[in-house]
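The values are calculated or read from the model by the stated rules, or taken from the named source; none is laboratory data. Just so it is clear, the structure is predicted and the values come from calculations on it, not from any experiment. So basically every Cβ, Gly included, is an ideal-geometry build from the backbone, and we count neighbours across all protein chains shown. Surface areas here come from the heavy atoms of the whole protein model, side chains and all, with no ligands, DNA or RNA. Shrake-Rupley method; radii C 1.70, N 1.55, O 1.52, S 1.80 Å.
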Amino acid sequence: MNKRIVVLGAGESGAGAAVLAKVKGFDVFVSDMSLIKDAYKALLNKYEIEWEDGRHSIEKILNADEIIKSPGIPDTAPVIREIQKKGIPIISEIEFAGRYTHAKMICITGSNGKTTTTLLTYHILKNAGLNVGLAGNVGKSLALQVATENFDYYVIELSSFQLDNMYKFKADIAVLLNITPDHLDRYGYDMQNYINAKFRITQNQTPNDAFIYWNDDPIITKELKAHDLKARLYPFSEEKEEGVKAYTENNQIVIDAPNDTLTITEDDLALQGRHNLYNSMAASISAKVLDIKKEDIREGLKDFKGVEHRLEKVARVRGVEFINDSKATNVNSCWYALESMRTKVILILGGKDKGNDYSEIEELVKEKVNAIICLGVDNSKLHAFFEGKVPHIEDASSMKEAVDKAFACAQKGETVLLSPCCASFDLFKSYEDRGEQFKECVRNL
């Protein structure tokens, strides 16, 4: 009798895992408490996979030999509690997919910058002619690609939620950009739990593998002492320090990677801003570890197009610049956005608070922000913190209201910045939906 795999959640991750399980000969059942999108229903039907949505049939779930859980489902969900009581192993889609491919895995995580770094790394490798796939939080499901395609390399963006249920999976190149408070609601408001999840990216690495990390992150440097890492270490830093493999010097990025040194002028980088220096360094080290030619790396850094919803310039309306940074779902992301601003700012903040500490952006707000528009169902925490610290603060209950109020506050030469610090789920379907609505409202001004 075939081993039975139950997949919980039928989004990109779950549907892809189900297809791979079916292709590998397992008895597969997919269950989603929400309604499954038509595209994923069609994919499951194509492979004759049994599915249900809008409910969990517990008797069909608890007879599984193994459960593949979509990353969005918390361990506190009642169905997960039942599975844990029964002692059925729970793994992630990435863990499952890793069993069926020998491709090199370039894995990227961090509280901020991981999408940009993942897409930039993929861009460099693909343009250099490597047979490479893009997976994880961006691109197609890793499991679906393993089932239906044949790549030699994968560049994978990994959230802490994906890392939680990975056990034997190994990154050939692991990149840890930074660790700042995020998703603490998911980790029992215990920062160490979140840190532990991020450091899982280094598990199972050998001396043949590479670990690339930001040398100036106090949490990472402290945690390094607590982990017996086997991989070769490639720290990067803004300034030249002992042991670092990438740094800036005389307006250039310098990469001291194996057998060679690569330099590129900062002004030549497609991505500007301090935070993007780090993203560019991490992607460059990954490429050098893979022996990509210097000219290919330089070209990739020069012609990369940025990430949608991340410091995305939308329009200039009557002398006011509008920037969409909807992807800034935590305070540290907003810090980087504000740090890169060269004009006075009207800041649109708010959404579902994940245990935020706004003191991190307090000084930048006082220095650069003329007005805050609070966009959320409950803005009391924002008012409590920012009242008296900016000249003007008011509420908005829709994106149109927020954009209209921000535009009314803005003077010619200033910037309206959507950089919410919060998740989007109180008023929007996703951060993408929030960003799209912002862009639409700006274009209608």
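Only one of the numbered conditions (1) open to solvent by 20 Å² or more (accessible area, probe 1.4 Å); (2) within 23 Å of Asn276 (Cα to Cα); (3) more than 25 Å from the chain's Cα centre (by Cα); (4) touching a residue at least 60 places away in the same chain (Cβ under 8 Å) is not met by Thr415, and that is (1).
Of all residues in segment 7-36, those satisfying the criterion of being within 26 Å of the chain's Cα centre (by Cα) and assigned to a strand (DSSP E or B) are Val7, Leu8, Val30, Ser31, Asp32. You will find that of Tyr247, Tyr278, the residue that is crowded, with 18+ Cβ neighbours inside 10 Å, part of a strand (DSSP E or B) and not polar (S, T, N, Q) is Tyr247 and no other. Of the numbered criteria (1) among the charged types (D, E, K, R); (2) farther than 28 Å from Asp426 by Cα; (3) part of a loop (DSSP other than H, G, I, E, B), the one Arg310 fails is (2).
In the set Val175, Val146, Val155, only one residue is under 17 Å from the mean Cα position of the chain (by Cα) and farther than 23 Å from Trp335 by Cα; that residue is Val155. Of the residues examined, Ala402 is one that is at pLDDT 95 or above, part of a helix (DSSP H, G or I) and buried (at least 24 other Cβ atoms within 10 Å of the Cβ).
The criterion of at least 1 residues that are modelled with pLDDT under 95, within 30 Å of Lys294 (Cβ to Cβ) and not aromatic (Phe, Trp, Tyr) is met by the following helices (runs of 4 or more DSSP H) wholly inside segment 52-171: 114-127.
Listed here are the residues, each with its yes/no results for (1) loosely packed, with under 15 Cβ neighbours inside 10 Å; (2) in contact (Cβ under 8 Å) with a residue 12 or more places away in the chain; (3) of a type in the set (Asp, Glu); (4) touching a strand residue (DSSP E or B) at 6+ places or on another chain (Cβ under 6 Å).
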{"site": "Asn2", "(1), (2), (3), (4)": "yes, yes, no, yes"}
{"site": "Val7", "(1), (2), (3), (4)": "no, yes, no, yes"}
{"site": "Ala21", "(1), (2), (3), (4)": "no, yes, no, yes"}
{"site": "Gly25", "(1), (2), (3), (4)": "yes, yes, no, no"}
{"site": "Val30", "(1), (2), (3), (4)": "no, yes, no, yes"}
{"site": "Lys37", "(1), (2), (3), (4)": "no, yes, no, no"}
{"site": "Leu43", "(1), (2), (3), (4)": "no, yes, no, no"}
{"site": "Gly54", "(1), (2), (3), (4)": "yes, yes, no, no"}
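The set of residues from segment 190-227 being in contact (Cβ under 8 Å) with a residue 60 or more places away in the chain and under 20 Å from the mean Cα position of the chain (by Cα) comprises Lys198, Ile201, Ile212, Trp214. Being open to solvent by 50 Å² or more (accessible area, probe 1.4 Å) and charged (D, E, K, R) is the requirement here; does Lys288 meet it? Taking the combined requirement at face value, the residue does not satisfy it. Checked against (1) in contact with a Lys or Arg (Cβ under 6 Å, 6 or more places away or on another chain); (2) open to solvent by less than 40 Å² (accessible area, probe 1.4 Å), Asp256 meets all criteria but (2). Selection of segment 214-239 for residues being in a loop (DSSP other than H, G, I, E, B), under 24 Å from Ile253 (Cα atoms) and open to solvent by 50 Å² or more (accessible area, probe 1.4 Å) yields Asp216, Glu238, Glu239.
Against the test of being over 15 Å from Pro420 (Cβ atoms) and under 19 Å from the mean Cα position of the chain (by Cα), the options Glu387, Glu312, Glu308, Glu321 yield a single qualifying residue, Glu308. Of all residue pairs spaced 6 or more apart or on separate chains, those with beta-carbon atoms under 7 Å, a first member in segment 255-283 that is more than 22 Å from Lys114 (Cα to Cα) and assigned by the TED database to the domain that holds Asn208 and a second member that is modelled with pLDDT of 85 or more and among the hydroxyl-bearing types (Ser, Thr, Tyr) are Leu262/Ser284.
Among the residues of segment 190-213, the one identified as open to solvent by 40 Å² or more (accessible area, probe 1.4 Å) and of a type in the set (A, V, I, L, M, F, W, C) is Met191. From the set of residues in segment 100-145 that are of a type in the set (Lys, Arg) and touching a residue at least 12 places away in the same chain (Cβ under 8 Å), which is least open to solvent (accessible area, probe 1.4 Å)? My answer is Lys114. Residues in segment 242-266 that are touching a strand residue (DSSP E or B) at 6+ places or on another chain (Cβ under 7 Å) and farther than 22 Å from Ile292 by Cβ: Gly243, Asn251. Any residue in segment 423-443 that is surrounded by fewer than 18 Cβ atoms within 10 Å (Cβ to Cβ), closer than 17 Å to Val314 by Cα and in contact with a strand residue (DSSP E or B) (Cβ under 7 Å, 6 or more places away or on another chain)? Yes, segment 423-443 has at least one match.
Within segment 120-172, being touching a strand residue (DSSP E or B) at 6+ places or on another chain (Cβ under 6 Å) and acidic (Asp, Glu) holds for Glu157, Asp172. Residues in segment 339-357 that are at pLDDT below 95 and not in a loop (DSSP other than H, G, I, E, B): Glu339, Ser340, Lys352.
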